[in-house]
Amino acid sequence: MSIQPNSTRKEEQSCFFLCAFARGKFLYLRFWAWIEEKNRRFHFKWRFVYFSAFRGAVDDINCPAMRAILALEDGRCFDGESFGATQTSVGEVVFNTSMTGYQEVVTDPSYRGQMVAMTYPLIGNYGVTPVDGESAQPHVRGFIIEELSPLVSNWRSQISLEEYLAKWDIPGISGIDTRALTKHLREKGAMKGAISTDPKLSQEDVIALARGGSGVVGMDFVKEVTTPELYQWDPQHTLSRKWTIIKGDGAGVVRDADGEVYEALPPVQYHVAAYDFGIKLNILRQLRQAGFQVTVVPAGTSAQDVLGLKPDGIFLSNGPGDPAALEYIHSTVKDLMGRKPIFGICLGHQLLSYAYGGKTFKLKFGHHGGNQPVQDLGTGKVAITSQNHNFATDPESLPSNVAVTHINLNDGTVEGMRHKEMPIFSVQYHPEAAPGPHDADYFFGEFRKLIEESRNC
């Protein structure tokens, strides 16, 4: 009887294990291909069974999804699957081109009264982290996506997007062709729409609901999102710090009790009063990072009361709705002009247009996303910016003592203005980003310089 050498047996064992591994991988891929085919063909909402070291939970399997419908006022309908709250909601439908930052989008107060469709196909994969929100709650009337991630992969996440929207009673719809929807809105313009999960409602019923919606033209949503009372932002100087990593000898960083490392905040140089028309939290963070102590005031605060705070400057925030409907704020801003340096962003920029004596008009489908090119007419430089607005300033309506400083390279609309005689400037876009590029965050430093120059005059 011959005995095989150990080396020969080891080679046979290695070959056996390699073949078994290859066959196992093949069967694994075939299994998931079969799952995907079942999902595509029968419209079931399949979920992965996964083990999470942080959650230790097993998700539900083969759970049939509830039907949802998105109907537009022109009669176009999209069938999909419900996630979030199961209810009926009406609002103006717009699209956002950001690839990340869905949490910042849904919590942006400027979206009050609107439903947002994300053009990026996969949403929800990193969950929701409360400290990343741009306000304390979501403001969208509905959320429209192509695919909801069944898996949340983020160690900071505390809740899934689906659970978050359900908590705040906001409906979402997934599984629709967001490319077709976006193309339709680009061609026809932003329009009123309705999302419904009610099985008793037909397509015609939901279309009728969409047509009966209020839209945003002529609407004052600022009253719904402004702070009810004055407050000091970040008096403990902890909410505005930037996360960072230790570099070199670690100079210029601070560490909290949890071991998190932040850039040290600069000392306070000036005090600004910030009007809250729906202010994003990252604007407040950026103001503090630029050396400002910030007092936030309600939208209806009079010029006299604000000046009584003895601020070094006035900030006019972003916000939702139609700037033409805010006549009570137009007069307040006009009363503040020439009294203190003023910086306006987004809605604040549009309100300055009216205070100057100008007007605004509604854009066809608005600017919503993080890839809008803006040119500085003074330097010729181009910045890629984050934007979220439905209206724009009419340049022909501006007086001769107001200069247009920035324009949008996609459609030529006004993106920045500066008064030639008074210390006032504004931008239509969002230098604080959240989400989006940081090309324009230097404007907070420009505001500080404007105050310095005004104090030295």
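Just so you know, all these numbers are worked out from the coordinates, no wet-lab data involved. Only a predicted model underlies this, so the values are computations on that prediction, with no experimental measurement involved. Counting neighbours? That spans all protein chains shown, and the Cβs are built from the backbone with ideal geometry, glycine included.
Can you compute the charge dipole magnitude of segment 67-211 about its Cα centre, using +1 on each Lys and Arg Cβ and -1 on each Asp and Glu Cβ, nothing else charged? Give it in debye, rounded to the nearest 20.
It works out to roughly 200 debye.
Each Lys or Arg adds one and each Asp or Glu subtracts one; over the other residues with Cβ under 14 Å from the Cβ of SER135, this totals -4.
Net charge around VAL382, counting only other residues with Cβ within less than 15 Å of its Cβ (Lys, Arg = +1; Asp, Glu = -1)? Net local charge, VAL382 excluded: -3.
Stretching LYS420 away from ILE159 to a fully extended chain increases their span by 89.0 nm, per 0.36 nm per residue minus the current alpha-carbon distance. Using only side-chain charges placed at the Cβ, +1 for Lys and Arg and -1 for Asp and Glu, the dipole size of the chain relative to its Cα centre rounds to 800 debye. The calculated 222 nm mean residue ellipticity attributable to helices in the chain amounts to -8000 deg cm²/dmol, summing -39500 (n - 2.57) over DSSP H runs of n ≥ 4 and dividing by all residues. Spatially, segment 364-409 and segment 414-457 are offset by 13 Å when compared through their Cα centroids. Summarised in one figure, the compactness ratio Rg/Rh of segment 99-164, Cα atoms and Kirkwood Rh, is 0.93. Taking the DSSP bridge list for the chain and keeping only pairs wholly inside it, about 60 percent are antiparallel.
Of all segments of the chain bounded by GluC sites (Glu not before Pro) found in a DSSP loop with no more than 16 other C-beta atoms within 10 Å, the longest spans 1-228. From least to most packed, judged by other beta carbons within 10 angstrom and beginning with the fewest, ASP249, ASP205 follow the order ASP249, ASP205. If the viscosity is 1.002 mPa s and the temperature 20 °C, what translational diffusion coefficient in µm²/s does Stokes-Einstein give for segment 222-456 when Rh comes from Kirkwood over Cα pairs? Answer, rounded: 118 µm²/s.
Charge dipole of segment 210-350 (Cα centre as origin; +1 on each Lys and Arg Cβ, -1 on each Asp and Glu Cβ, all else neutral): 280 debye, rounded to the nearest 20.
Taking 10 °C and 1.306 mPa s as conditions, the chain diffuses translationally at an estimated 65 µm²/s according to Stokes-Einstein applied to its Kirkwood radius (Cα pairs). Loop-located chymotrypsin sites (Phe, Trp or Tyr not before Pro) across segment 345-383 with a Cβ neighbour count of 13 or fewer within 10 Å are lacking, with loop assigned by DSSP.
All other residues whose Cβ lies under 10 angstrom from that of VAL404 are scored, Lys and Arg at +1 and Asp and Glu at -1, for a net of 0.
Against the compact-protein benchmark of 2.2 N^0.38 Å, the Cα-based radius of gyration of segment 67-211 scales to 0.96.
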